[in-house]
Amino acid sequence: MHQLLHEFGFTLPGPSTLAMDNQSAISVAKNPEHHGRMKHLDLRFYWLRDAVDDGRIMPVFVPTAQQVADIFTKSLACADMQRCRKLLGIII
């Protein structure tokens, strides 16, 4: 998104925020000490680590109860679907 906006002539100060509900993934992305334990991952999956190191992405923890993206990625119970819909501002 940064690159697309840059092509349109907009500059954004600071990194893009990546909301995640997985603290282990955030820890691996931010702390290079954990990468020795991640040898089973293919090198092409290290793009997040590189983007964090370059200051292009900033991973931030968001509790699962507040993770709006779950509506797009998971099969949810009716109550969770309504909660996510409300967080997105989709009121029916």
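Scan segment 66-92 for residues that are among the small types (Gly, Ala, Ser) and either exposed (fewer than 10 other Cβ atoms within 10 Å of the Cβ) or in contact with a strand residue (DSSP E or B) (Cβ under 6 Å, 6 or more places away or on another chain) (or both) and jot them down. Answer for segment 66-92, where residues must be among the small types (Gly, Ala, Ser) and either exposed (fewer than 10 other Cβ atoms within 10 Å of the Cβ) or in contact with a strand residue (DSSP E or B) (Cβ under 6 Å, 6 or more places away or on another chain) (or both): Ser75, Ala77, Ala79, Gly89. Close contacts from segment 74-92, counting a first residue that is without any contact (Cβ under 8 Å) to a residue 24 or more places away in the chain and a second that is of a type in the set (A, V, I, L, M) and assigned to a loop (DSSP other than H, G, I, E, B), with Cβ to Cβ under 8 Å and a gap of 6+ residues or different chains, come to Cys84/Val68; Cys84/Leu76; Arg85/Ile91; Arg85/Ile92; Leu87/Val68; Leu88/Val68. The set of residues in segment 2-21 being surrounded by 12 or more Cβ atoms within 10 Å (Cβ to Cβ) and assigned to a loop (DSSP other than H, G, I, E, B) consists of Pro15, Asp21.
Tallying residues that are under 24 Å from Gln67 (Cβ atoms) and either modelled with pLDDT of 85 or more or out of contact with any helix residue (DSSP H, G or I) (no Cβ under 8 Å at 6 or more places or on another chain) (or both) within segment 26-45 yields 4.
The values are calculated or read from the model by the stated rules, or taken from the named source; none is laboratory data. As the structure is a computational prediction, the values presented were derived from the model and not from experiment. Every residue, glycine as well, gets a Cβ built from its backbone with ideal geometry; the counts of neighbours run over all protein chains shown.
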